[in-house]
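Inspection log for the structure reproduced underneath, given as structure tokens.
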Amino acid sequence: MNSEELFNESRKFFPGGVNSPVRAFKPYPIFIEKSKGSKIWDVEGNEYIDHCLGYGPLILGHSDSKVIKDVCNQANIGTAYGAPTENEIKLAKLVTERVPCAEMIRFVNSGTEATMSAIRLARGFTGKNKIVKFEGSYHGAHDYVLVKSGSGAAALPDSLGIPNDTTKNTLTCPYNDIVALKKLIADEKEDIAAVIVEPVMGNIGCVEPNDGYLNFLREITEENNILLIFDEVITGFRLSRGGAQTYYSITPDIVTMGKIIGGGFPMGAFAGKSEIMEMIAPEGNVYQAGTFNGNPISIKAGLSTLEQLDNKFYRNLNKKGDYLRSQISELIMDLSLNIQTVGLASMFQIYFNEDRVTNYEIAKKSDIDRFSVYFHELMNNGIFIPPSQFECNFLSSSHNNEDIEKLILAIENSLKIAWK
Ligand SMILES: *Cc1c(COP(=O)(O)O)cnc(C)c1O
């Protein structure tokens, strides 16, 4: 069956034909046969250079040989024990050595679980109820955080099925806006347990913090006995060895991780200062549990991945990112388009937007019809990216210079078609 036939079949079983909403695009998504390194192939046999990379986990590219070898060895000696292993300690050491706020950690199964548990922990630790999140930030698909949430959608309606009693405790605020957060905290500080933030917003494209903004968040939360949670599910082990905390030299109280930490397998984690983490069961009274927590396969894949991520790795990868963004900027100038290239390290995106995007309100004004033409044209040129303007594109260490030159040429062709 080809992708179209598979999609028609798929729609009989899965709402919208997919198992996660962002994967659906018109007229039908490509169905994947296999992937390796920087490449992915659909069932028709078309080859694409992949800059979606599973939405972020694959910093080494698809099926890195070392990771796969280690995972196969692990699979032969067990896939789930329901009992602790030494590899969990090894991975915890790698994480806590690198990530400044991480003294103790709990491994879970997804980024969603990580933020859900981190928020519960912040509430348990502070004895307060409310949290602040930023408009357009995405912290997974659970009830506390599906309020003015990003994740690929321009204007996600707040989901049905979430009681007002739950969301009344979730306050929202525009990102990069110092005055708005000051006011919100002044009004509500007695009951705010935590501010949760994506240090770089990667779920409405790629929005960096203004100079000093993360510093401001650190200071205002500290002054008001509010915990600062960095949701580093994307930025963790992406921006640098220690994630955004190291990149911007700001240490939050709690960090949530996912994506890269599982080395291409399902995993999440949350970590923080010991005095906070000790509140987690069975040491403390904030409950958190999971059949697959610390799953030996995911742990091994995470270990095998993190072992390869030294400073030189990031220097090389980020240099490719800088080169790519500079080439895209030149292209945009040469074509006299009023749009912008954004990103940092190995994250990139083009906003089809005249105004500098610093928050969700501005991001929403992007020209998504033109973006859609651009997206499909990139596919015609052998490049696969997430189908939405409001997602981030990634580079992996598997992308070589030839891949990047092909990408630049494809972007040029696709921008020209989008503006024809
Ligand atoms: C992807 C993502 C999540 C959710 O992680 P899942 O593993 O998809 O549950 C949470 N926060 C951020 C910032 C993310 O990008």
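Beyond 21 Å in Cα-Cα separation lie the following of the pairs K128/K364; K36/K66; K189/K365: K128/K364; K189/K365.
With a simple spin-label model that places each label point 7 Å from the Cα along the Cα-to-Cβ direction, the separation between M1 and A75 comes to 2.4 nm. Which residue fluctuates the most in the chain, going by a Gaussian network model with Cα springs under 10 Å, if the choices are Y175, Y28, Y213? Of Y175, Y28, Y213, the most mobile in the Gaussian network model is Y28.
Counting 0.36 nm for each residue step from N413 to K93 and taking away their Cα separation leaves a gain of 110.6 nm.
Peptides 346-355, 216-225, 271-280 ranked from most to least packed by the mean count of surrounding Cβ atoms within 10 Å: 346-355, 271-280, 216-225.
Only Cα sites of the chain enter the Debye sum here, all with the same form factor; the resulting log10 I(q)/I(0) across q = 0.12 1/Å is -1.00, listed in q order.
The H on the amide N of I204, modeled in the peptide plane, is under 5 Å from the matching H of S151, each at least 5 residues off or on a different chain. Inter-part distance, the range 373-420 to the range 200-253, computed on C-alpha centroids, equals 28 Å. Give the value in nm², to one decimal: projected area of the alpha carbon convex hull of the range 65-306, averaged over all directions. Spelled out: convex hull of the Cα atoms, projected over all directions, averaged, 12.9 nm². For I234, neighbours were defined as the other residues whose beta-carbon sits under 9 Å from its Cβ, and their charges (Lys and Arg +1, Asp and Glu -1) total -1.
The three principal axes of the Cα atoms in the range 89-186 give end-to-end lengths of 41, 30, 27 Å, sorted in falling order.
Each reported figure results from applying straightforward, stated rules to the coordinates on display, with no laboratory input. Because the structure is a prediction, the values reported are computed rather than measured. Neighbour counts run over all protein chains shown; Cβ positions are idealised from the backbone, glycine included.
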